[in-house]
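Step one of this worksheet: look at the structure below.
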Amino acid sequence: MSKIASSVLGARANQLTDKSTLMAAPSAPKDSKNKVIPLGDWMLKSYLMVGHDLGWITRSQRDLAAVLGEYRNYVHPEKERRHGVTPGQEDSAILWGVAKNLVRQLLT
């Protein structure tokens with residue numbers, strides 16, 4: 001999921017000829033010198049936060065997508081074992097719905 005969301009959010013960002021709105025967003029990620037990190041180095045969380053800042057996605061979609069990003073990490077067996085979480089088919093269906101809704105919001 002995070003690859004899909006990052007790709008769609010990145011594509012939406014790349015459509016902007018003027019990237020200053022992205023860089024000026026309150027949630028734009030910054031380095032230790034308080035300088036905005038280059039777009040190519042942004043992670044999913046940053047794209048979600050800035051996408052919400054710019055009105056591309058709703059707050060609930062931002063929050064749900066962040067949770068979805070965490071569940072994506074359960075593809076790593078060790079994390080699944082440590083946390084005692086084994087997402088099932090029903091969980092996957094819910095998460096897939098969240099991913100589709102995020103993409104729909106970004107494409108409108």
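Tabulated data for the structure shown
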item: Segments classed as helices (runs of 4 or more DSSP H), wholly inside the chain, with at least 1 members that are in contact with a strand residue (DSSP E or B) (Cβ under 7 Å, 6 or more places away or on another chain); result: 20-24
item: Residue within the stretch 90-98 that is under 30 Å from MET23 (Cβ atoms) and surrounded by 12 or more Cβ atoms within 10 Å (Cβ to Cβ) present; result: yes
item: Selection count, the stretch 85-108, where residues are modelled with pLDDT under 85 and farther than 22 Å from SER46 by Cβ; result: 6
item: Any hit, the stretch 10-27, residues being in contact with a Phe, Trp or Tyr (Cβ under 8 Å, 6 or more places away or on another chain), surrounded by 12 or more Cβ atoms within 10 Å (Cβ to Cβ) and either among the aromatic types (Phe, Trp, Tyr) or within 17 Å of LEU64 (Cβ to Cβ) (or both); result: no
item: Residue pairs meeting the criteria (Cβ under 7 Å; at least 6 apart or on separate chains; first modelled with pLDDT of 90 or more, in the stretch 49-71; second hydrophobic (A, V, I, L, M, F, W, C) and not in a helix (DSSP H, G or I)); result: VAL50/ALA25; VAL50/ALA28; GLY51/ILE57; ASP53/ALA25; LEU54/ALA25
item: Considering residues of the stretch 29-52 that are among the hydrophobic types (A, V, I, L, M, F, W, C) and within 23 Å of ARG72 (Cβ to Cβ) only, the residue surrounded by the fewest Cβ atoms within 10 Å (Cβ to Cβ); result: MET43
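The values are calculated or read from the model by the stated rules, or taken from the named source; none is laboratory data. Computed from a predicted structure; not experimentally measured. Counting neighbours? That spans all protein chains shown, and the Cβs are built from the backbone with ideal geometry, glycine included.
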